[in-house]
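Inspection log for the structure reproduced underneath, given as structure tokens.
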Amino acid sequence: MKKTTILFLSGFFLLFNSCKKFLTEKPQSFLTPANFYQTSADATAALNGVFSGLQAQAYYGRTAWIISENSADLLYPAAGNSDRTTLYLGTYTSTNGEISNWWISSYKMIKGANDVIAHVPGINMDTTSRNNIVGNAYFLRAMAYFDLVRSFGDVPLLTAPIVSTTDTTIYASRTASAKVYQQIISDLQYAEIHCLPENKISSSNKGMVSSGAASAMLARVYLTRASTTFADPADNQNALVECNKIISSNIYSLLPKYADIFDVSKKYGPEHIFCVQFALPPSTGNITLRMLTPAILNGSASFYCQNNFFNNGYSAADSIRKSYNVANKAVSVISGSSYGTTQSVTPFFYKYRDPYWLANGGGNNSQVDWIVLRYADIWLMQSEAMNNIDPTNTAKFNGINTVRARAGLTDPSLQLNITNTPTSAAFVDSLVNDRARELCMEGERRWDLIRLGKFQQAMSTLGITIDSAHLLLSIPQSEIQVNHNLSQNPGLQ
């Protein structure tokens, strides 16, 4: 899907913006909703502008996984960056730059989605295409609010464009998490109805949101809300319904080879449900590969794999995933006497690879997509929901064992069953580990641990104490300073 960034001055998003300078010159001409949203091409361009925001380094190009992986138990940062170190140690404050990026980038996407939702329905164009575009915007808004609510708890909920500097919603107060979840679910239900199924999306539009992506995100949202104090009694059942809906559609499937999921020459495969797209210059590339890769492979070695996960995370039988996901040796590509030699390095995540990037000296722009949702997670979420509903139902093992089997763990002794996993608690313990082995460094680890009630325990094994307050992130101080209706999360600075 080709991305085009559209900027216009109507509904510009001032929420919590510390910069209060305004142009005094009278513009001769500029784009507004009244003169921009005229044709189907305008609708597409506006949606592309929302999508393009996902690629920013301060969003899904970097910050998203720093927030979710660097603050959990599988990844740790190199010394020298206080924002990353304090996230990892759970000592962050409201001045943390990555937390601020996360908040601001999420609201930027919400702003763009709100514009599309408000103005595209008025365009005279093909109804199915129009509904698909609006459905995509609803999904992106829901995704942003889901990221915000599980990061910060109560957050301002804005569902319409801000139209002037006097709009009172500029200084919106925090909305209860329960209500935010209701809006997320409503948005995703709209997207599920109106977005095209994956097999109806043309090759030129691959990367757009599908109805399957909305179902997958709904399953994740329901499971997450089910773990909160304001859970709906039907959340786990609803999550199961969404998982089964995707499975029974026969649109998606597990790739036979685990490595093919991440092969940059095999994008939009049957396992990919929703990904943030990246490509080689002049398109926007992905810095993730550089940050995870050691120096002898032209990387910056900004993050490392935890020794405990490298040494103990995988059994000897689970060699397919271990050999692909993590490494502690690499063949040097640096000119000099060490070129071409295999060297020992600090364990690192080797999950993301790009031959073109490696052959051309590395840099910030790899063509690795960031996977938000994939089919293996549907099987794992199905098992989780079933265990939550009825721990005695042995069918709960089917999903997790399906994922294990793709990794070569087909021997009955390597599959879960009621004998080796007799209780609900034992199942959760296995699920925590299985999700790490399958989905490590895919942006869900912090949220998995919190949802499954294992975050503090997991961090304690690293000698890191996390209090209950730090299950949430700090509201950025820069936002509180410009919005007197915002307050800090209790127990956080």
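The values are calculated or read from the model by the stated rules, or taken from the named source; none is laboratory data. Just so it is clear, the structure is predicted and the values come from calculations on it, not from any experiment. Counting neighbours? That spans all protein chains shown, and the Cβs are built from the backbone with ideal geometry, glycine included. Ligands, DNA and RNA are excluded from the accessible area calculation, which covers all protein heavy atoms including side chains. Shrake-Rupley method; radii C 1.70, N 1.55, O 1.52, S 1.80 Å.
General observations
- Long-range neighbours under 6 Å by Cβ, at least six apart or interchain, first residue closer than 19 Å to Asn236 by Cβ within the stretch 161-189, second surrounded by fewer than 19 Cβ atoms within 10 Å (Cβ to Cβ): Ser177/Gly153; Ala178/Phe230
Per-residue answers, yes or no, for (1) assigned to a loop (DSSP other than H, G, I, E, B); (2) farther than 29 Å from Val428 by Cα; (3) modelled with pLDDT under 95:
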{"residue": "Ile170", "(1), (2), (3)": "no, yes, yes"}
{"residue": "Ile184", "(1), (2), (3)": "no, no, no"}
{"residue": "Asn199", "(1), (2), (3)": "no, yes, no"}
{"residue": "Val221", "(1), (2), (3)": "no, no, no"}
{"residue": "Asp260", "(1), (2), (3)": "no, no, no"}
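- Residue among Val264, Val241, Val180 that is under 29 Å from Pro121 (Cα atoms) and at pLDDT 95 or above: Val180
- Of all residues in the stretch 19-58 being farther than 30 Å from Asp369 by Cα, open to solvent by 30 Å² or more (accessible area, probe 1.4 Å) and assigned to a helix (DSSP H, G or I), the one that is modelled with the highest pLDDT: Asn35
- Qualifying residue in the stretch 305-318 (condition: acidic (Asp, Glu) and farther than 20 Å from Gly61 by Cα): yes
- Only one of the listed residues (Asp147, Asp83, Asp126) is surrounded by fewer than 22 Cβ atoms within 10 Å (Cβ to Cβ), acidic (Asp, Glu), under 28 Å from Thr293 (Cα atoms) and modelled with pLDDT of 95 or more. That residue is Asp83.
- Subset of the stretch 329-345 (residues that are surrounded by fewer than 13 Cβ atoms within 10 Å (Cβ to Cβ) and of a type in the set (Ser, Thr, Tyr)): Ser335, Ser337, Tyr339, Thr341, Thr342, Ser344
- When the stretch 191-210 is filtered for residues that are more than 14 Å from Gly269 (Cβ to Cβ), open to solvent by less than 20 Å² (accessible area, probe 1.4 Å) and of a type in the set (S, T, N, Q), nothing remains.
- Test: residue in the stretch 421-437 that is open to solvent by 10 Å² or more (accessible area, probe 1.4 Å) and outside any helix (DSSP H, G or I): yes
- Against the test of being closer than 25 Å to Ser249 by Cβ, in a helix (DSSP H, G or I) and acidic (Asp, Glu), the options Glu442, Glu384 yield a single qualifying residue, Glu384.
- Options Ser430, Ser413: the member that is of a type in the set (Gly, Ala, Ser) and more than 27 Å from Glu69 (Cα to Cα): Ser413
- Here is the figure for the stretch 375-392: residues that are open to solvent by less than 30 Å² (accessible area, probe 1.4 Å) and closer than 12 Å to Ile418 by Cβ total 1.
- Options Tyr356, Tyr375: the member that is among the hydroxyl-bearing types (Ser, Thr, Tyr), closer than 30 Å to Ala56 by Cα and within 20 Å of the chain's Cα centre (by Cα): Tyr375
- When residues of the stretch 311-354 are limited to those that are in contact with a Lys or Arg (Cβ under 7 Å, 6 or more places away or on another chain) and charged (D, E, K, R), the one nearest to Leu414 (Cα to Cα): Asp318
- Scanning the stretch 393-420 for residues that are exposed (fewer than 14 other Cβ atoms within 10 Å of the Cβ) and without any contact (Cβ under 8 Å) to a residue 12 or more places away in the chain returns Asn393, Ala395, Thr410, Pro412, Ser413, Thr419, Asn420.
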